[in-house]
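Peer 1: Below is the structure I would like to discuss, written out as C-alpha cells.
Just so you know, all these numbers are worked out from the coordinates, no wet-lab data involved. Predicted, not measured: the structure shown is a model, and the values here were computed from it. Here Cβ is always computed from backbone atoms with ideal geometry, including for glycine, and neighbour counts include all displayed protein chains.
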Amino acid sequence: MSPLARNVLVTGSNRGIGLELVRQLVEGPDPPEHIFATYRDLDGSRGKALQELAAKYPPVRLIQLDAVSLASVRAAVKEVESQLNGRGLNLLINNAAINSYATLQSVQPEEMISVFTTNVVGPIQVAKEFLPLLKRAAEEAGKEELSCSKAAIINMSTKVGSIELCFNVLEIPMYPYRASKAALNMVTRCLAAELKDAGILCTAIHPGWVKTDMGTEKAPLTVECSVKGILSVLAGLSQATTGVFLDWEGKSLPW
Ligand SMILES: NC(=O)c1ccc[n+]([C@@H]2O[C@H](COP(=O)([O-])OP(=O)(O)OC[C@H]3O[C@@H](n4cnc5c(N)ncnc54)[C@H](OP(=O)(O)O)[C@@H]3O)[C@@H](O)[C@H]2O)c1
C-alpha cells in the first residue's frame, strides 16, 4: 500500500477535524513522509494533543500558520520548503475556518468581512503561496493521472454553502458562514479549472455535521468517523473528480 500522499499539509490542525486528519494520516498503515500540521497558537489545552502527536511521530511537523496573515503564510512556505529539501508538496488541505450564526437581523459588516477573510481569503492565499511547491510535486510525478498522491488542493467546505441545497437546509441562517463557503466553492471550481493542466487536482469536501468545537456536541457524526470517510474519499480522487463537491462518504453534492 502506498501513502495517500508523500508530503501533506493541513491547516488548522490543533483541534477538531484538522487534528484528526493528522492523527489518522500518521497512524495509518502507510503514513506520509511529512505531515505539516499547522496551527495558529499552541498555548493552553488547544495545542496539547497536537504537540503529543508531534512528539510521538517524527513525520508530524508543527508549523505556525495564520491563514489570514500573508507574512505568516509566507514564513510557513519557507519553513515547509526547507524541510522538503527540494521535493514538492503533494497535498494541501485547507481545513481552517471560522463559523458565524449571524442572522439577517443580527449580521454586521465587520462579521461578514471577518468570516470572508478567514474562510475565503485564507484558503486562496494559502493555495497561491504554496502553489510553487504543489507544482514541483506535480512535475516530479510527470504524466501520472491527477490524484492526491500527485498534487492536490482540498478545500473543506460544507453542505450549508450549497446554493442549490439552500432551501432544504436553511434551519439556521448563518449568513456570513454560508456565503463564505459558497464563495469558497467557487474558488475551488476556479482553481480546478486553472490548475488541471499543471497536474493539480482541486476538490471541495463536506465533512458531515461533526462533533467538534464548531459542530458542537449535538452533531451526529464523530470526528473519527468523518475523517475516516474523508481519507477514503481523498484516496479515490482522480481526473474525473477534480472540480467537484463531495461529502465525506463520497456522495456528489450540487454547488
Ligand atoms: N464540524 C462540522 O460539523 C463541520 C461541518 C461542515 C464543515 N466543516 C468545516 O470543516 C473544517 C474544520 O472544522 P472543525 O469542525 O474542525 O472546526 P473547529 O473545531 O472550530 O476548528 C477550526 C480550526 O481552524 C483554525 N483556524 C481558524 N481560523 C484560522 C486562521 N485564521 N488561521 C489558521 N487556522 C485557523 C482553528 O485554530 P484556533 O484553534 O487557533 O482557533 C482550528 O484549528 C472547517 O473548514 C469547517 O468549516 C465543519
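Peer 1: Using +1 at the C-beta of Lys and Arg and -1 at the C-beta of Asp and Glu, which of S157, P176, W248 has the Cα lying farthest in the positive direction of the dipole of segment 131-255?
Peer 2: P176
Peer 1: Mind pulling the angle between the C-alpha long axis of helix 16-27 and the longest principal axis of the chain? Nearest 10 degrees, somewhere in 0 to 90.
Peer 2: Its long axis makes an angle of about 20 degrees.
Peer 1: Follow-up. Using Cα pairs closer than 8 Å and at least 6 residues apart in sequence, work out the relative contact order for segment 135-234, in percent.
Peer 2: Contact order relative to length: 30 percent.
Peer 1: Using just the helices of the chain, give the 222 nm mean residue ellipticity in deg cm²/dmol: DSSP H runs with n ≥ 4 each add -39,500 (n - 2.57), and the total is spread over all residues, rounded to 500.
Peer 2: Calculated from helices alone, the mean residue ellipticity at 222 nm is -12500 deg cm²/dmol.
Peer 1: Under a 10 Å cutoff between Cα atoms, tell me which one of T212, T158, T241 has the largest fluctuation in the Gaussian network model of the chain.
Peer 2: T212
Peer 1: Just to confirm the number: angle between the C-alpha axis of helix 175-195 and the first principal axis of the chain, 0 to 90 degrees, nearest 10?
Peer 2: Here the helix axis deviates by roughly 30 degrees.
Peer 1: Give the long-range amide H neighbours of C202: residues separated by 5 or more places, or on another chain, with amide H under 5 Å away, using H modelled in the peptide plane at 1.01 Å from N.
Peer 2: So C202 has HN proximity to I153, G243.
Peer 1: Can you work out the Karplus-derived ³J(HN,Hα) for every residue in segment 118-125? Use 6.51 cos²θ - 1.76 cosθ + 1.60 with θ = phi - 60°, whole Hz, and x for glycine or proline.
Peer 2: So the Karplus estimates, Gly and Pro as x, are 6, 8, 10, 5, x, x, 6, 5 Hz.
Peer 1: What percent does the relative contact order of the chain come to when contacts are Cα pairs within less than 8 Å and at least six residues apart?
Peer 2: That works out to 19 percent.
Peer 1: Comparing P176, P220, P109, which has the greatest mean-square fluctuation in the GNM of the chain with Cα pairs linked when under 10 Å apart?
Peer 2: Residue with maximal mean-square fluctuation among P176, P220, P109: P109.
Peer 1: Just to check, using Stokes-Einstein with a Kirkwood Rh over alpha carbon pairs, what's the diffusion coefficient of segment 194-255 at 10 °C and 1.306 mPa s in µm²/s?
Peer 2: D = 127 µm²/s.
Peer 1: Here's something else I'd like to know. How charged is the neighbourhood of K211? Take every other residue with its Cβ under 13 Å from the Cβ of K211, and add Lys/Arg as +1 and Asp/Glu as -1.
Peer 2: In short, -2.
Peer 1: Same structure again: If we restrict to alpha carbons, what Rg and Dmax does segment 7-47 come to, in Å?
Peer 2: 10.3, 31
Peer 1: Give the total of Lys-Lys pairs in the chain with Cα-Cα distances below 15 Å; include a pair only if its members are 8 or more places apart or on different chains.
Peer 2: Within the chain, the lysine pair count is 12.
Peer 1: May I ask which residue of P207, V80, V227 lies farthest towards the positive end of the charge dipole of the chain, with charges of +1 (Lys, Arg) and -1 (Asp, Glu) on Cβ and the Cα centre as origin?
Peer 2: After comparing all options, I get V80.
Peer 1: What are the residues whose amide H is under 5 Å from the amide H of L146, where those residues sit 5 or more places off or on another chain and H is modelled from the backbone?
Peer 2: Here Q239 satisfy the definition.
Peer 1: Over segment 62-200, what is the relative contact order in percent, taking alpha-carbon pairs closer than 8 angstrom and at least six residues apart?
Peer 2: Relative contact order comes out at 32 percent.
Peer 1: Mind listing which GluC sites (Glu not before Pro) in segment 8-59 are in a DSSP loop and have 15 or fewer other Cβ atoms within 10 Å?
Peer 2: In loop regions of segment 8-59 (DSSP not H, G, I, E or B), the sparsely surrounded GluC sites (Glu not before Pro) are E33.
Peer 1: Take the alpha-carbon positions of the chain, form their convex hull, and give its projected area averaged over all directions (one quarter of the hull surface) in nm².
Peer 2: 13.1 nm²
Peer 1: Given H placed on each backbone N at 1.01 Å, which residues far from I93 in sequence or on other chains put an amide H within less than 5 Å of it?
Peer 2: So I93 has HN proximity to L9, V10, T11, I154.
Peer 1: Please report, for the Cα atoms of segment 40-112, the Rg to one decimal and the Dmax as a whole number; what are they, in angstrom?
Peer 2: Just the Cα atoms of segment 40-112 yield Rg and Dmax of 16.5, 52 Å.
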